[in-house]
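Q: Sharing a structure here in structure tokens format.
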Amino acid sequence: QVQLVDSGGGLVQAGGSLRLSCAASGRIFSIRSMGWFRQSPGKEREFVAALTWSGGSTQYADSMEGRFTISRDNAKNIVYLQVHALRPEDTAVYYCAARTLDVLSRSASGYMYWGQGTQVTVSS
């Protein structure tokens with residue numbers, strides 16, 4: 001089993017920045033790629049970014065690229081999501097997720113393990 005703990009959310013003004021973290025523990029050797037998703041009340045879970053552990057390949061949702069950056073610290077088993085120029089529409093619960101395939105995926109169904117989520121609220 002893999003456990004993911006995501007953190008770093010908070011209340012920020014529009015235009016501000018946050019750095020979200022996701023710490024993996026347990027059978028982390030099975031993890032091959034990671035992703036970040038977000039979900040607002042009444043909306044479906046939305047893909048944000050993904051990353052492969054070994055190759056460092058990344059993929060972003062079109063609306064996220066340029067403002068969102070996914071990165072990892074392989075030694076510490078931590079994945080980060082840096083967010084800049086936040087907008088009110090970025091308000092959501094952000095979740096990190098892990099999968100056992102070394103292939104990037106935009107689909108939430110492709111991820112086996114999930115963090116508890118961290119709330120990001122962007123004020124006008």
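Q: Within the stretch 40-56, can you find the residues that are within 18 Å of residue 77 (Cβ to Cβ), over 13 Å from the mean Cα position of the chain (by Cα) and polar (S, T, N, Q)? Walk me through it before giving the result.
A: Our first condition is that a residue be within 18 Å of residue 77 (Cβ to Cβ); within the stretch 40-56, this holds for 49-56.
Subsequent filtering for residues that are over 13 Å from the mean Cα position of the chain (by Cα) retains 53-56.
Within the stretch 40-56, just 54 meets the criteria.
Q: Residues in the stretch 53-65: is at least one under 16 Å from residue 105 (Cβ atoms), β-branched (Val, Ile, Thr) and in contact (Cβ under 8 Å) with a residue 12 or more places away in the chain?
A: Checked the stretch 53-65: at least one residue is under 16 Å from residue 105 (Cβ atoms), β-branched (Val, Ile, Thr) and in contact (Cβ under 8 Å) with a residue 12 or more places away in the chain.
Q: Where in the stretch 10-69 are there strands (runs of 3 or more DSSP E), lying wholly inside it, with at least 1 residues that are closer than 25 Å to residue 102 by Cβ? Show your work before the answer.
A: Details: elements: 10-13, 18-26, 33-39, 46-52, 58-60.
Where strands (runs of 3 or more DSSP E) fall fully within the stretch 10-69 and carry at least 1 residues being closer than 25 Å to residue 102 by Cβ, they are 18-26, 33-39, 46-52, 58-60.
Q: Which of (1) open to solvent by less than 70 Å² (accessible area, probe 1.4 Å); (2) at pLDDT 95 or above; (3) not polar (S, T, N, Q) does residue 32 not meet, given it meets every other one?
A: Answer for residue 32: the failing condition is (1).
Q: Would you pick out the residues in the stretch 99-114 that are open to solvent by 30 Å² or more (accessible area, probe 1.4 Å), closer than 15 Å to residue 49 by Cα, out of contact with any Phe, Trp or Tyr (no Cβ under 6 Å at 6 or more places or on another chain) and part of a loop (DSSP other than H, G, I, E, B)?
A: Scanning the stretch 99-114 gives 102, 103, 104, 107.
Q: On to the next question. Looking only at the stretch 86-98, decide whether some residue is open to solvent by 80 Å² or more (accessible area, probe 1.4 Å) and either in contact with a Leu (Cβ under 8 Å, 6 or more places away or on another chain) or free of Cβ contacts under 8 Å to residues at least 40 places away in the same chain (or both). It would help to see each step written out before you state the result.
A: Step one: of the stretch 86-98, the residues open to solvent by 80 Å² or more (accessible area, probe 1.4 Å) are 87, 89.
From what is left, the residues that are either in contact with a Leu (Cβ under 8 Å, 6 or more places away or on another chain) or free of Cβ contacts under 8 Å to residues at least 40 places away in the same chain (or both) are 89.
For the stretch 86-98, residues open to solvent by 80 Å² or more (accessible area, probe 1.4 Å) and either in contact with a Leu (Cβ under 8 Å, 6 or more places away or on another chain) or free of Cβ contacts under 8 Å to residues at least 40 places away in the same chain (or both): present.
Q: Just for the stretch 65-80: of the residues that are more than 11 Å from residue 36 (Cα to Cα) and out of contact with any Phe, Trp or Tyr (no Cβ under 8 Å at 6 or more places or on another chain), which one is surrounded by the fewest Cβ atoms within 10 Å (Cβ to Cβ)?
A: That would be 75.
The values are calculated or read from the model by the stated rules, or taken from the named source; none is laboratory data. Model, not experiment: these values are computed from the prediction. Here the Cβ is made from the backbone with ideal geometry for all residues, glycine too, and neighbour counts use every protein chain on show. Areas reflect the complete protein model, heavy atoms only, side chains present, ligands, DNA and RNA absent. Shrake-Rupley method; radii C 1.70, N 1.55, O 1.52, S 1.80 Å.
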